[in-house]
Amino acid sequence: MRRSLAVTTLLWSLSAMAAVYQGIDPDGRVFYSDKPVENARLLDIPAASTPPPVSPGPDRPADAFIGPYTDFEIVTPAQDETIRDDEGRLSISLLLVPALQEGHRLSLEVDGVPARGDLGESMQLELGGLRFGSHRLQAMIQDAAGETIATTVIVHVHLRRPVPAGALP
């Protein structure tokens, strides 16, 4: 599936620029080019005005959409990371490209409940007093009207007590 998505994306991008040729290399592998080469045939690909829709998959889960941004994710903690802290603290770092647009604001939910209201423009947040156990984190961007325009993938994190020295985890 990943290969077919890559080939589709390649063909779409090449077709938007120029002709697309399909050939077979000496090892028998199929290749695509925007230049005519020996033993390659010109493909009839209609020009596209918009990119094909990207389906959810391993690289783009269904529980996220990035709206007008090129990247929006929770960098730390990592997916399924176990954090050991005796006071229930959790440090969260976000990545957003490009920078937050004027009129947009960040928020964070822990287990589906807003955490501390708006984050403003802060990409770093420390939460304290969380219960031990597993939690779901998701960051969101809202526009001036309060509409959600982008979300991160839901990150699952496990908050545990520290392991005493010499004990097995």
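Just to verify a number: FRET efficiency for V75 and R161, C-beta to C-beta distance, R0 = 35 Å, to 0.05?
Working: r = 25 Å, r/R0 = 0.70.
Computed FRET efficiency for V75 and R161 comes out at 0.90.
Whole-Hz Karplus ³J(HN,Hα) for the stretch 138-146, in order, using 6.51 cos²θ - 1.76 cosθ + 1.60 and θ = phi - 60°, x for Gly and Pro? The phi angles translate into 8, 9, 9, 10, 10, 8, 4, 7, x Hz. In this simple spin-label model, placing a label point 7 Å from the Cα along the Cα-to-Cβ direction at both S91 and V37 gives a separation of 4.8 nm. Highest-first packing order for the peptide set 129-135, 71-77, 149-155, 23-29 is 149-155, 71-77, 129-135, 23-29, based on the mean count of other beta carbon atoms within 10 Å.
Since every read-out is calculated from the coordinates, none of them should be taken as a lab result. Owing to the predicted nature of the structure, the values given are computational and were not obtained by experimental measurement. Every residue, glycine among them, receives a Cβ derived from its backbone with ideal geometry; neighbour counts consider all protein chains shown.
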